[in-house]
Structure formats: C-alpha cells, structure tokens
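Let me begin by presenting the structure, written as structure tokens, before commenting on it.
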Amino acid sequence: MIIIYHCYGGSHSSVTAAAIHLGLIGKDKPPTNEELMAIPYFDNTTDNDFGSIRFIGFDEYNNSVFVMGKKSQADRFSHVLMGIGELLGKKEEILAVNTMGRVNWSMKLGGFTSRRVGLAFLGRPLLLKGTTKAFWDLVSLVEMTRLKILNKVKTQ
Amino acid sequence: MKIIFLGTTGVHHALIAAYLYIGNKLESNFQKYPGFADLDKEASGYPIFLGSDKSENMVYALGCETDISLVKKAIEQLTVIMGSQSDEIKVVPISIPDERILLTLTRIASITNAGNWHFWASGFIIKRYLSKIAARVKEIQNELTGQN
C-alpha cells in the first residue's frame with residue numbers, strides 16, 4: 001500500500017508525520033532539534049520539489065511511505081490523489097493524508113521564513129519549536145492513519 | 001488510456017473541453033451539459049467521468065484549484081509509483097484567462113451554499129471563451145491522433 005503525507009511545502013509537518021510513521025523518531029517523547037533536522041528532507045526542499053512525491057521508506061507492513069508538497073491545495077487534494085488511484089484500479093492501495101490541520105502558527109511562520117524567504121537562521125528556531133509543539137497532534141494523526149490502513153487491509 | 005482534462009475547476013472549462021473532445025457539438029446552451037457548475041462534484045475532488053472517445057479512452061474532467069502544473073506533475077508521478085505505465089493516464093491542462101475568477105466564484109458559492117447565481121455567472125464567463133476552448137480541443141485531438 002502507498003501512503004502519502006502531504007502539506008504545503010512537503011518539508012515539515014508531512015516529513016515529521018512520515019518519520020513518526022516509520023519509527024525514524026520515537027512517538028513516546030517529542031524529538032530533539034537534532035533528531036528533527038536528521039529527518040530526510042526536513043526543512044530542506046526547493047521550489048522544484050512542489051508536486052513531487054518523494055519516497056521516505058517502508059513501514060513494518062511493507063507499505064511505502066511518501067511525502068509531498070502541494071502548496072495551498074485544500075483538503076480535497078487527498079481525494080484527487082485517491083481518485084487517481086481509483087482510475088488506475090488500485091483504490092484500496094493508496095491513502096493520502098493531509099497534515100496541514102496539525103500545523104501551528106510557529107511552523108507556518110518559521111517554515112515561510114526558512115524556505116520561502118530563505119532565512120533559515122531566522123526561521124528554523126521558530127519552526128523547530130513549532131514542530132515540537134505539534135508533535136503529539138502529529139502522533140495522533142499517524143496513529144489514526146495506521147488504524148485506517150489496518151481497516152483497509154482487513155476489508156481486502 | 002484515461003484522459004483527464006485538468007482546469008482550475010473541473011466543472012467549467014475543463015468539463016466543456018472534455019465534452020467537446022468526446023464528440024459533442026459546440027452549442028450555445030452548453031450549460032445543459034451534465035455536471036456543468038455542479039458544486040458537489042467540484043467539492044468531491046474526484047475526477048468526473050464524462051464518457052469515452054472514439055478510441056474507447058475514458059475521458060474525465062478534474063479541478064485542481066490554483067496550480068495546474070503541480071497537480072499534473074503529481075498525477076504523472078503517482079501513476080508510475082502505483083506501478084502503471086506512464087501513458088495509462090494522459091493529463092491535458094485547460095486554461096482560460098478568467099479561470100481564477102471562476103475558481104473564486106466557485107469557492108464563494110460553496111461557502112454560501114448558493115446555486116443559481118453561480119450557475120449563470122459561470123455560464124456568462126465561459127460563453128466568452130467557448131471558441132478558445134474549442135480551438136484548444138482541436139489541438140488536443142490532433143496531438144492525440146498523432147500519438148495513436
């Protein structure tokens with residue numbers, strides 16, 4: 001199965017959720033700044049990455065986990081991706097998860113300053129603080145996603 | 001092959017283009033095409049199936065809001081990631097000058113839950129670009145015929 005976590009830039013909330021899903025960071029305590037910065041693609045994307053579906057890893061059930069930056073596409077973007085899966089006759093093999101609902105203002109402002117303005121030294125501390133603050137919300141989203149996957153697998 | 005006509009909204013210019021592509025004649029009362037300015041279909045986010053062309057390719061319309069090239073790229077990548085041939089889905093971008101206005105009208109109509117004024121206002125805008133849409137469809141038909 002293919003799981004795609006997507007957010008505005010594909011470099012903060014989606015990659016953090018993917019890292020939690022894959023166990024790259026533990027879900028029992030908020031990660032340190034160093035652990036966050038070690039996540040693949042974390043605060044490390046360019047404008048060319050918008051719309052690119054990037055592979056992060058396989059989970060324990062051999063599901064492929066991807067991330068994507070979708071700019072300001074609304075929540076219905078999950079349906080766009082799953083609709084394409086349906087067109088390909090693989091409706092049950094894809095799950096798209098919007099992580100934007102878990103993004104706080106510190107992440108938005110820090111991410112904007114770091115990625116869009118290009119002032120990482122200014123935006124990154126705020127971004128890291130915001131990501132740490134959003135951590136439990138992201139853990140909860142990942143847990144719900146994993147339950148959905150289990151249900152999908154059971155019904156197949 | 002599946003052909004997706006991709007516009008900022010899927011129930012206006014993309015839908016008209018798709019209907020013209022599958023062989024419907026360009027008519028002045030284009031608003032009668034099923035799905036035109038249908039807010040529920042637009043809100044769903046799923047590709048809207050409209051019929052098949054002469055080569056039995058299934059034809060869809062899809063709205064992608066603000067960034068057509070981003071969604072085109074994502075669809076093409078997803079097709080390959082899901083293990084399908086890259087040519088199984090052909091994404092055809094359709095643009096008209098007032099597409100942002102249509103998108104804004106659609107968003108307002110969705111929030112206010114209004115129907116009729118959106119239907120007529122969309123029709124008014126689309127009417128101005130019918131010949132442009134038809135010309136683009138001709139180009140696409142030539143392009144796809146060349147490919148087959």
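The values are calculated or read from the model by the stated rules, or taken from the named source; none is laboratory data. Keep in mind the model is a prediction, meaning the values are calculated, not measured. Glycine also receives a Cβ, built like all others from the backbone with ideal geometry; neighbour counts cover every protein chain displayed. We work out accessible area using only protein heavy atoms, side chains counted, and drop any ligands, DNA or RNA first. Shrake-Rupley method; radii C 1.70, N 1.55, O 1.52, S 1.80 Å.
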Counting only residues in the stretch A:14-46 that are of a type in the set (A, V, I, L, M, F, W, C), open to solvent by less than 20 Å² (accessible area, probe 1.4 Å) and in a helix (DSSP H, G or I), the one farthest from the other protein chains (Cβ to nearest Cβ) is identified as A:LEU36
When (1) more than 16 Å from A:ARG76 (Cβ to Cβ); (2) part of a helix (DSSP H, G or I); (3) away from every other protein chain (no Cβ under 14 Å) are applied to B:SER55, the one that fails is (2)
When the stretch A:47-94 is checked residue by residue, the ones that are among the polar types (S, T, N, Q) and assigned to a loop (DSSP other than H, G, I, E, B) are A:SER52, A:ASN62, A:ASN63, A:SER72, A:GLN73
Does B:ILE16 fit the bill of being part of a helix (DSSP H, G or I), out of contact with any Leu (no Cβ under 7 Å at 6 or more places or on another chain), more than 13 Å from chain A (Cβ to nearest Cβ) and open to solvent by less than 10 Å² (accessible area, probe 1.4 Å)? yes
* Assess whether A:ARG54 counts as being open to solvent by 10 Å² or more (accessible area, probe 1.4 Å) and free of Cβ contacts under 8 Å to residues at least 40 places away in the same chain. => no
Here the residues within the stretch B:109-126 that are in a helix (DSSP H, G or I), modelled with pLDDT under 90, farther than 12 Å from B:PHE36 by Cβ and open to solvent by 50 Å² or more (accessible area, probe 1.4 Å) are B:SER110, B:ILE111, B:THR112, B:ASN116, B:TRP117
Yes or no: the stretch B:33-50 includes at least one residue that is open to solvent by 60 Å² or more (accessible area, probe 1.4 Å) and among the charged types (D, E, K, R). yes
Expected output for the stretch A:73-87 (first residue without any contact (Cβ under 8 Å) to a residue 60 or more places away in the chain and surrounded by 24 or more Cβ atoms within 10 Å (Cβ to Cβ), partner assigned to a helix (DSSP H, G or I) and among the hydrophobic types (A, V, I, L, M, F, W, C), Cβ below 7 Å, 6+ apart or cross-chain) is A:VAL80/B:VAL71; A:ILE84/B:ILE75; A:ILE84/B:LEU78
